[in-house]
Protein chains: 2
Amino acid sequence: MSPKESSRRHFLQAGGAAALTGVLAGSQTETGKASAQTVINMPFKEANPRMGMIGTGGRGTELLKNFLGADTEVRALCDLVSEKARHAQGLVTEAGQKSPELYTEGDHAFEQLVARDDLDLVVIATPWRWHTPIAVAAMKHGKHVAIEVPAATTIEECWQLVDTSEQTRRHCLMLENCCYGENETLVLNMVRAGLFGDLLYGEAAYIHDLRSELFSDAGEGLWRRAIHTERDGNLYPTHGLGPVANYMSINRGDRFEYLVSMSTPSRGLAAYRAVHIPKNDPKWQEKYIDGDMNTSLIKTANGLTVNLQHDVSNPHPYDRLNTIAGTKGVFKDYPARLYLDGSAKEEYGTLDRYRDQYQHPLWKKEGEIARKLGGHGGMDFIECYRLVESIRRGLVPDLDVYDAATWSAPGPLSRLSVEQGSAPVKFPDFTRGRWKERKGSSIGAVVS
Amino acid sequence: MSPKESSRRHFLQAGGAAALTGVLAGSQTETGKASAQTVINMPFKEANPRMGMIGTGGRGTELLKNFLGADTEVRALCDLVSEKARHAQGLVTEAGQKSPELYTEGDHAFEQLVARDDLDLVVIATPWRWHTPIAVAAMKHGKHVAIEVPAATTIEECWQLVDTSEQTRRHCLMLENCCYGENETLVLNMVRAGLFGDLLYGEAAYIHDLRSELFSDAGEGLWRRAIHTERDGNLYPTHGLGPVANYMSINRGDRFEYLVSMSTPSRGLAAYRAVHIPKNDPKWQEKYIDGDMNTSLIKTANGLTVNLQHDVSNPHPYDRLNTIAGTKGVFKDYPARLYLDGSAKEEYGTLDRYRDQYQHPLWKKEGEIARKLGGHGGMDFIECYRLVESIRRGLVPDLDVYDAATWSAPGPLSRLSVEQGSAPVKFPDFTRGRWKERKGSSIGAVVS
């Protein structure tokens with residue numbers, strides 16, 4: 001047996017509902033339906049988009065403010081909690097628009113919203129398990145969709161998004177705000193200009209001490225802590241991974257090929273509960289199984305590697321790593337620091353001397369209002385503005401359903417690898433082979 | 001097939017010469033000869049050690065200065081290059097000792113040195129491929145051995161060291177100087193005091209831009225670059241891994257169980273050559289295959305994880321990561337920074353306020369002379385001093401052959417995993433199960 005044959009034997013196939021119960025063979029799970037027509041490079045139909053929003057909690061409200069900041073017409077709002085929907089409605093009327101219609105009756109009120117015939121775009125900011133079902137329903141009703149992260153939590157859901165986007169000819173993109181960060185877009189421009197030479201590896205993470213939020217009796221505490229009782233893997237891969245995927249031109253000349261994943265024990269949430277939660281609280285019935293620190297290694301088709309981490313259960317300063325390295329230098333974030341070959345001293349410098357030359361056009365044009373509106377340093381506004389502008393101008397969107405599926409996939413793939421003792425697990429090729437021929441890159445220059 | 005059975009199928013066994021050509025079964029490779037008598041907790045026989053040194057190049061000379069600083073009697077020196085041996089001889093006489101005998105005739109001159117009957121300790125600072133053969137020869141001649149890193153480069157060599165140490169009842173330890181660093185020993189004390197809570201993960205690395213040294217026509221350039229044409233994996237795991245293994249009490253209540261490993265393409269050395277090496281130089285015949293950045297994930301028996309990196313071929317500030325994290329906080333190095341639960345701000349602080357309370361006794365006692373002598377910030381002196389003191393006082397050494405084998409093993413294990421598409425590879429249990437019962441910890445307090 002040659003090493004290559006042996007190596008193949010050790011790959012696990014992930015796909016659909018069976019992904020977490022065993023090993024699947026067959027190419028369908030890897031490339032899906034070969035006959036489907038791609039939405040790569042499909043431009044939006046030029047329109048002044050009329051938006052509906054589903055989920056107007058903390059995150060939905062923040063997004064709404066930024067969409068309103070980008071003068072987006074908001075016609076409908078949906079939330080289970082009518083007070084939250086009404087609060088969002090107030091923000092829209094305060095912005096000088098007509099009062100949007102509200103949908104607040106039960107889990108399936110969103111179905112009425114997506115069935116309206118006067119919407120172009122549906123924005124989804126619900127708990128994670130609703131992202132894909134709502135997105136699929138909205139596309140089937142002819143709406144473009146923008147989903148909060150992660151877009152999907154199983155490989156089956158990833159394929160549902162891709163298949164539906166292709167069948168309905170509607171875009172389904174993920175609102176991965178970190179891709180629009182000032183440093184991220186600056187570094188992306190530096191990568192394109194070749195300052196890092198041939199790329200070699202990236203590092204990406206979501207390290208965010210969420211213990212108090214997870215144990216809150218409001219907001220995300222109502223649903224997000226429960227996920228730590230259900231899965232062991234990377235629950236939230238996209239904030240770190242999206243920008244690194246952009247640096248590496250993933251789905252645009254390269255693709256994620258396989259990953260291995262490893263988790264520590266789950267100790268952080270139980271330790272927090274022991275100190276902060278009264279012994280008679282029902283939370284004491286919960287058993288947390290998600291390893292506190294999950295680390296995955298991803299290999300791309302061109303051989304590059306990504307070190308991807310997730311930890312929300314321990315004391316640690318916020319960190320997305322946001323690292324890209326090549327033959328000519330390395331950038332690391334938190335704090336942002338840069339080292340290029342030939343530097344006088346073997347120590348990191350700042351990005352300051354590169355800002356003028358490499359600042360992204362989106363930030364040059366809209367940075368002032370972005371910083372004023374805030375929202376994660378302004379990245380939220382740039383993200384919302386750019387999406388709406390892309391529709392107004394009939395552009396190809398920066399990010400598409402293939403990115404949404406690819407960046408969400410490490411969630412279920414890491415879970416499968418962890419379950420199988422860190423065995424390598426292949427990424428499906430959501431582009432169905434078109435990553436090879438696709439040109440260009442994500443987060444393009446704005447058309448002024 | 002249950003997930004557990006499936007998982008077992010995907011583990012590769014590593015052992016001996018066959019390790020890199022296929023998959024081995026059987027427990028021999030995992031735990032060796034069960035009948036051998038352990039050297040765990042075996043004290044040195046009290047003696048004022050008489051030392052011989054093999055390899056008096058750059059690193060050997062540095063070590064020699066530190067051993068002389070610790071008043072070690074040096075009776076014999078060996079090097080292929082007689083000028084280097086004579087230079088070292090001069091250092092010994094300058095220190096007021098009798099002139100040590102020199103062994104400089106050919107590759108096997110070391111055999112005459114280790115056969116002397118007036119030596120207690122042989123120190124080895126040769127190119128890597130000579131470490132194990134010389135160590136085995138020295139132990140068979142009744143000498144204790146201290147080897148530069150890595151002690152071994154194959155699993156077969158790891159077992160040779162363990163078997164020979166047990167059979168000859170001589171210690172064989174690795175001169176892993178980073179374990180004796182001021183920050184490393186301080187953090188080790190903080191870990192022991194419980195400041196980080198239950199440990200979860202560590203990060204370890206050897207990221208050191210060695211491109212100019214590797215292409216030098218002197219020193220390590222004479223042999224070290226060649227290894228990059230022979231292997232793809234982590235060539236040099238111990239500087240990062242040793243201190244993290246100490247934090248985690250590896251071989252003292254826990255052990256490394258398996259790893260997965262992934263390499264980037266090999267681009268850095270070829271890129272450097274293209275710029276710096278004339279086209280008619282024979283170095284242009286070389287083909288570099290070692291991936292520039294190799295990342296391994298290690299799982300311990302207790303479930304902890306280690307992220308282990310190696311990159312010596314690219315522009316990057318020096319970094320060993322040296323990270324340890326638990327339920328109560330995290331320490332990261334380069335620069336040294338600490339964050340403990342309950343901090344007023346979500347940002348790192350320095351170690352300064354912990355130095356007085358947690359400084360290691362070895363540094364309290366010998367820090368002044370260590371810093372004066374230098375050698376990687378003084379860690380080299382502390383290391384040499386501690387070894388010689390342990391023999392003088394008849395102590396159990398801080399580190400032993402099981403540590404040497406365990407910390408060297410990621411070299412060949414990472415190579416095997418990379419060859420097999422990042423498949424998980426089991427660590428042999430060099431302690432033959434005794435890691436479970438062993439008490440205490442490495443780098444103990446000095447007896448004053």
inquiry  = If a residue must be touching a strand residue (DSSP E or B) at 6+ places or on another chain (Cβ under 8 Å), open to solvent by 20 Å² or more (accessible area, probe 1.4 Å) and in a loop (DSSP other than H, G, I, E, B), how many such residues does segment B:35-60 contain?
reply    = 1
ask   = Out of B:Glu203, B:Glu257, which single residue is within 13 Å of chain A (Cβ to nearest Cβ) and crowded, with 21+ Cβ neighbours inside 10 Å?
value = B:Glu203
query = Before we move on, is A:Leu210 modelled with pLDDT of 95 or more, away from chain B (no Cβ under 14 Å) and crowded, with 18+ Cβ neighbours inside 10 Å?
reply = no
ask   = Inside segment A:293-400, counting only helices (runs of 4 or more DSSP H) that do not spill past its ends, which hold 2 or more residues that are at pLDDT 95 or above and open to solvent by 10 Å² or more (accessible area, probe 1.4 Å)?
value = A:352-358, A:379-392
query = Has segment B:269-288 got any residue that is closer than 28 Å to A:Thr264 by Cα and modelled with pLDDT of 95 or more?
reply = no
remark   = Output for Cβ contacts, cut-off 6 Å, separation at least six or different chains, first residue more than 22 Å from B:Asn48 (Cβ to Cβ) in segment B:69-91, second crowded, with 24+ Cβ neighbours inside 10 Å and among the charged types (D, E, K, R), reads B:Ala85/B:Asp79
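Can you tell me which residue is farthest from the chain's Cα centre (by Cα) among those in segment A:95-118 that are in contact (Cβ under 8 Å) with a residue 60 or more places away in the chain and open to solvent by less than 10 Å² (accessible area, probe 1.4 Å)?
Applying the filter and picking the extreme gives A:Leu113.
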query = Would a scan of segment A:244-254 turn up a residue that is surrounded by fewer than 24 Cβ atoms within 10 Å (Cβ to Cβ), within 14 Å of chain B (Cβ to nearest Cβ) and free of Cβ contacts under 8 Å to residues at least 12 places away in the same chain?
reply = no
ask   = In the list A:Ala193, A:Ala135, which residue meets the criterion of being farther than 26 Å from A:Ser296 by Cβ and out of contact with any Ser or Thr (no Cβ under 6 Å at 6 or more places or on another chain)?
value = A:Ala193
ask   = Scanning for something touching a Gly at 6+ places or on another chain (Cβ under 9 Å) and open to solvent by 10 Å² or more (accessible area, probe 1.4 Å), does segment A:223-233 turn up at least one residue?
value = yes
The listed residue being out of contact with any Pro (no Cβ under 7 Å at 6 or more places or on another chain), of a type in the set (D, E, K, R), within 14 Å of chain A (Cβ to nearest Cβ) and farther than 27 Å from A:Gln420 by Cα, out of B:Asp290, B:Asp232 = B:Asp290
Odd one out for B:Ala274 among (1) in contact (Cβ under 8 Å) with a residue 24 or more places away in the chain; (2) of a type outside the set (Ser, Thr, Tyr); (3) surrounded by fewer than 24 Cβ atoms within 10 Å (Cβ to Cβ); (4) part of a helix (DSSP H, G or I) = (1)
task = For B:Tyr236, work out the one condition from (1) touching a Leu at 6+ places or on another chain (Cβ under 7 Å); (2) within 29 Å of B:Glu62 (Cβ to Cβ) it doesn't fulfil.
result = (1)
request  = Could you check, for segment A:121-139, whether at least one of its residues is surrounded by fewer than 16 Cβ atoms within 10 Å (Cβ to Cβ) and small (Gly, Ala, Ser)?
outcome  = no
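The values are calculated or read from the model by the stated rules, or taken from the named source; none is laboratory data. All of these numbers come straight from a predicted model, not from anything done at the bench. Note that each Cβ is placed from the backbone with ideal geometry, even for glycine, and that neighbours are counted across all protein chains shown. Calculation scope for accessible area: heavy atoms of the full protein, side chains included, ligands and nucleic acids excluded. Shrake-Rupley method; radii C 1.70, N 1.55, O 1.52, S 1.80 Å.
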